[in-house]
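The values are calculated or read from the model by the stated rules, or taken from the named source; none is laboratory data. In this text, all values refer to a predicted model and were calculated from it rather than measured experimentally. Because the Cβ atoms are built from the backbone with ideal geometry, glycine has one as well, and the counts that use them run over all protein chains shown. With ligands, DNA and RNA removed, areas are computed over all heavy atoms of the protein, side chains included. Shrake-Rupley method; radii C 1.70, N 1.55, O 1.52, S 1.80 Å.
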Amino acid sequence: MKKIPFHHQLIATGLGVGHFPYGPGTMGALLAILIWYLIASYVSYPVWFSITLALILFFTIVGAYSSTVAERYWGEDPSRVVIDEVVGQWIALLAIPADYSWWHVLAAFALFRFFDIVKPLGVRKMEQFKGGWGIMADDVLAGCYGAIIVYLITTISW
């Protein structure tokens, strides 16, 4: 049996964190937070927002392609493919305000993981798309739901 091309493995597994034996999806989400934090720590809000948006768009497309390739080698929707969790987490992080605190980041993480694991409100239905698009779509929608709630939490005064 042939091995998956290295670049597809690197992308699909989120720089290899998908090989983590416990909670690879959670590890993918934490990788997304780490990358986002490194960006947000060194540039202004409009720049980190724009970079995060560009990463989402780029890795949604590249991730869908690499995930499709990964399925040929590892079977349907393999757990080691975590680029979908990385992208979904970045989407939830888009709603964080410029003057964010770690509570915002924790809320984005918890909400994204909740929607990704429970798969309510059409999230599970997104898995019906073929190949890598099905792998990516449910996490994109889970990230959108997470972002909506984070945005509401940060903008509504109680």
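Within segment 30-88, restricting attention to residues that are small (Gly, Ala, Ser) and within 11 Å of the chain's Cα centre (by Cα), the residue that is nearest to Trp133 (Cα to Cα) is Gly63. Checking each residue in segment 125-146 for being touching a Gly at 6+ places or on another chain (Cβ under 6 Å) and within 16 Å of Glu71 (Cα to Cα) picks out Glu127, Met136. Does segment 1-13 include one or more residues that are under 21 Å from Ala110 (Cβ atoms) and open to solvent by less than 30 Å² (accessible area, probe 1.4 Å)? Within segment 1-13, not a single residue is under 21 Å from Ala110 (Cβ atoms) and open to solvent by less than 30 Å² (accessible area, probe 1.4 Å). Contact map, segment 143-155: residues that are at pLDDT below 95 paired with residues that are assigned to a helix (DSSP H, G or I) and surrounded by 19 or more Cβ atoms within 10 Å (Cβ to Cβ), Cβ distance under 8 Å, separation 6+ or inter-chain. Pairs shown: Ile153/Ala107.
Could you tell me whether segment 114-126 includes any residue that is open to solvent by less than 50 Å² (accessible area, probe 1.4 Å), under 17 Å from His7 (Cβ atoms) and assigned to a helix (DSSP H, G or I)? Even if it seems obvious, please write down each step before you answer.
Of the residues in segment 114-126, the ones open to solvent by less than 50 Å² (accessible area, probe 1.4 Å) are 115-116, 119-120, 122-123.
Filter again for under 17 Å from His7 (Cβ atoms), leaving none.
No, segment 114-126 has no match at all.
Among the residues of segment 73-95, the ones that are at pLDDT 95 or above and either out of contact with any helix residue (DSSP H, G or I) (no Cβ under 9 Å at 6 or more places or on another chain) or within 12 Å of Ile33 (Cα to Cα) (or both) come to 10 in all.
At negative phi, assigned to a helix (DSSP H, G or I), touching a His at 6+ places or on another chain (Cβ under 8 Å) and not small (Gly, Ala, Ser): is that true of Val150 in this structure? Judged against the criteria, Val150 is a match.
If we keep just the residues of segment 141-157 that are buried (at least 21 other Cβ atoms within 10 Å of the Cβ) and of a type outside the set (Gly, Ala, Ser), which is farthest from Val62 (Cα to Cα)? Step by step, filter segment 141-157, then rank; the result is Val150.
Of the residues Tyr37, Tyr65, the single one that is open to solvent by 80 Å² or more (accessible area, probe 1.4 Å), over 22 Å from Ala147 (Cβ atoms), modelled with pLDDT of 95 or more and part of a helix (DSSP H, G or I) is Tyr65.
Looking only at segment 18-34, count every residue that is within 19 Å of Ala108 (Cα to Cα) and surrounded by fewer than 17 Cβ atoms within 10 Å (Cβ to Cβ) and tell me the total. First the steps, then the outcome.
Looking only at segment 18-34, we keep the residues that are within 19 Å of Ala108 (Cα to Cα), and these are 23-34.
Retained after the next criterion (residues that are surrounded by fewer than 17 Cβ atoms within 10 Å (Cβ to Cβ)): 23, 34.
Within segment 18-34, residues that are within 19 Å of Ala108 (Cα to Cα) and surrounded by fewer than 17 Cβ atoms within 10 Å (Cβ to Cβ) number 2.
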